[in-house]
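This report refers to the structure that appears directly beneath it.
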Amino acid sequence: MKRVRKAVLPVAGFGTRVLPATKTIPKEMLPIFDRPAIQYVVDEALAAGIEHFVFVTGRNKGAIEDYFDTAYELEASLEAKGKTEILAEIADTKPVPGSMSFVRQQAPLGLGHAIWCARDIIGDEPFAILLPDVLIQAEPSCLAQMIEVFNETGGNVIAVEQVPADEVNKYGIIDPESREGNRIRMRGMVEKPTIDAAPSNLSITGRYILQGDVFEYLADQAAGAGGEIQLTDAMARLMADQDFHAVEYEGTSYDCGSKLGYLRASVAYALSHDELGDGASEIVRSLLPS
Ligand code: UTP
């Protein structure tokens with residue numbers, strides 16, 4: 001069975017829900033406490049053994065590519081001043097040379113279309129997709145938990161988490177067939193079902209391992225909800241031919257795509273920071289009315 005070596009990170013969306021912050025800064029570069037959101041997602045994937053990253057970018061997203069490059073003047077200046085600790089922190093953010101590719105999605109036609117733009121670099125092998133506006137605090141990393149399951153089940157694997165029963169209409173919800181521990185064999189999935197029609201309260205969380213065959217389905221996938229080419233629609237067709245398992249991972253997810261979600265993520269990551277967490281906690285407490 002082929003290993004999961006590559007990951008696609010779609011970053012071509014406009015981030016309209018967090019405007020005006022994202023007017024000139026890519027959503028993925030907004031800081032979550034002391035580093036851009038995208039860094040946490042790359043770290044999650046690295047911790048799961050991912051060797052190559054494909055970023056699907058668009059206009060105004062150049063800052064992401066620059067972030068993963070050498071910053072010559074800055075680094076030379078830090079070196080000259082003997083600021084070795086900061087230099088080491090910056091060095092940690094640099095990928096192995098040649099381990100990142102950037103492809104353009106010329107227009108944001110939907111998540112499914114964005115993933116399809118990565119087809120030539122992924123080729124015919126299983127690959128991961130990480131939606132970078134979802135951050136997940138987990139140990140082992142969420143993708144690592146998924147790969148552990150994938151190595152036993154093969155096929156396609158997606159991450160799910162429980163949501164309150166009266167909120168299922170906001171999410172993609174899976175239809176479970178059977179369950180063994182944290183892994184669930186899937187029968188299907190429904191996008192934003194009504195509360196009465198929902199087949200479970202397990203929502204799809206923004207992490208996927210899919211077989212390269214999905215590109216064939218994406219190639220002719222018609223526009224769906226919101227007039228966009230949806231990944232979910234192509235996955236539903238792939239499911240007719242291949243196995244899908246869901247993993248109810250252990251960890252906490254943060255949706256940074258909305259303003260309050262972004263705030264929640266920022267506070268949570270500040271509070272769990274190794275050195276500055278206690279200071280952050282004092283500040284948060286001091287801001288709350290007593
Ligand atoms: P979202 O819909 O959450 O992101 O897509 P968005 O479009 O940036 O956000 P809003 O709705 O305008 O506020 C989920 C992920 O898929 C990417 C986005 O960048 C985001 O990471 N995406 C979405 C693309 O790369 N291309 C698309 O055409 C659509």
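As I understand it, the dipole of segment 1-77 uses +1 on the Cβ of Lys and Arg and -1 on the Cβ of Asp and Glu, about the Cα centre. Which of 42, 8, 52 lies farthest toward its positive end?
Most positive-ward Cα: 8.
Could you give each residue of segment 83-96 its phi-based ³J(HN,Hα) in whole Hz, using Karplus coefficients 6.51, -1.76, 1.60 with θ = phi - 60°, and x for Gly or Pro?
7, 5, 5, 5, 4, 5, 4, 5, 4, 5, 8, 8, x, 4
Rounding to the nearest 20 debye, state how big the charge dipole of segment 142-235 is about its Cα centre with +1 on each Lys and Arg Cβ and -1 on each Asp and Glu Cβ.
Details: 7 positive and 15 negative charges, 40 e Å.
In total the dipole reaches around 200 debye.
Run the reach check for residue 81 against aspartates and glutamates, Cα to Cα strictly under 15 Å, same-chain hits fewer than 8 apart removed. What comes back?
The qualifying aspartates and glutamates are 73.
Can you work out ³J(HN,Hα) from phi for every residue in segment 185-199, in order, using Karplus 6.51 cos²θ - 1.76 cosθ + 1.60 and θ = phi - 60°, giving whole Hz and x for Gly and Pro?
Per residue, the Karplus-derived 3J(HN,Hα) values read 6, 9, 9, x, 8, 10, 8, 6, x, 5, 4, 6, 8, 5, x Hz.
Return the distance in nm (one decimal) between the two label points of a simple spin-label model at residue 94 and residue 43, each offset 7 Å from Cα along Cα→Cβ.
So the two model labels end up 1.9 nm from each other.
Based only on Cα atoms, what mean projected area does the convex hull of the chain have, in nm²? Walk me through the numbers before you get to the answer.
Working: hull surface 69.2 nm².
Mean projected area of the Cα convex hull: 17.3 nm².
Kindly provide the pair-distance distribution of segment 133-209 built from C-alpha pairs, with 5 Å bins from 0 and whole-percent values in order of increasing distance.
3, 15, 26, 24, 19, 10, 2, 0
What does the convex hull of the Cα atoms of segment 185-262 come to per residue, in Å³, rounded to a whole number? Please list the in-between numbers first.
Details: hull volume 10.7 nm³, N = 78.
Expressed per residue, the convex hull around the Cα atoms of segment 185-262 is 137 Å³.
Please compute the length gained on full extension between residue 281 and residue 63, using 0.36 nm multiplied by the number of residues separating them and subtracting their Cα-Cα distance.
On the way: separation 218, 0.36 × 218 = 78.48 nm, distance 3.07 nm.
Taking 0.36 nm per residue and subtracting the Cα distance, the gain is 75.4 nm.
In the neighborhood of residue 72, defined by Cβ-to-Cβ distances under 13 Å, what is the net charge if each Lys or Arg adds +1 and each Asp or Glu adds -1?
On the way: positive: 94; negative: 66, 69, 73, 75, 79.
It works out to a net charge of -4.
If you take the C-alpha gyration tensor of segment 145-290, multiply each eigenvalue by 5 and take the square root, what semi-axes do you get, largest first, in whole Å?
Values: eigenvalues 218, 66, 50 Å².
Each semi-axis is the square root of five times an eigenvalue, giving 33, 18, 16 Å.
Return 67, 217 ranked ascending by Cβ neighbour count within 10 Å, so the fewest neighbours appear first. Write down the numbers at each step before the final one.
Details: 67 18, 217 21.
Neighbour counts put them in this order, fewest first: 67, 217.
Can you compute 3J(HN,Hα) from phi for each residue in segment 259-264, using the Karplus curve 6.51 cos²θ - 1.76 cosθ + 1.60 with θ = phi - 60°, rounded to whole Hz and x for Gly and Pro?
Whole-Hz 3J(HN,Hα) from phi for segment 259-264: 5, 6, x, 4, 4, 4.
Hey, got the dipole for the chain? About the Cα centre, +1 on K and R Cβ, -1 on D and E Cβ, debye to the nearest 20?
700 debye
If neighbour count is taken as other Cβ atoms inside 10 Å, put 134, 41, 103 in order from fewest to most. It would help to have the intermediate numbers written out before the result.
Numbers: 134 20, 41 27, 103 16.
Ascending Cβ contact count within 10 Å gives the list 103, 134, 41.
Just to confirm a number: summing +1 for Lys and Arg and -1 for Asp and Glu over residues other than residue 20 whose beta-carbon lies under 13 angstrom from that of residue 20, what do you get? All intermediate terms of the calculation are to be shown ahead of the outcome.
Working: positive: 17, 23, 27, 259; negative: none.
Neighbourhood net charge equals +4.
Within a Cβ distance under 10 Å of residue 217, other residues only, what is the Lys/Arg minus Asp/Glu net charge? All intermediate terms of the calculation are to be shown ahead of the outcome.
Details: positive: 237; negative: 213, 216, 220, 233, 241.
Summing Lys/Arg as +1 and Asp/Glu as -1 gives -4.
For a footprinting-style exposure proxy, rank 288, 263 by other Cβ within 10 Å, fewest first.
On the way: 288 6, 263 12.
Ordered from fewest to most neighbouring Cβ atoms within 10 Å, 288, 263 come out as 288, 263.
None of the figures in this text is laboratory data; all of them are computed from the coordinates on show. Quantities reported herein were computed from a predicted structural model and do not represent experimental measurements. Cβ atoms come from the backbone with ideal geometry, glycine included; neighbour counts cover every protein chain shown.
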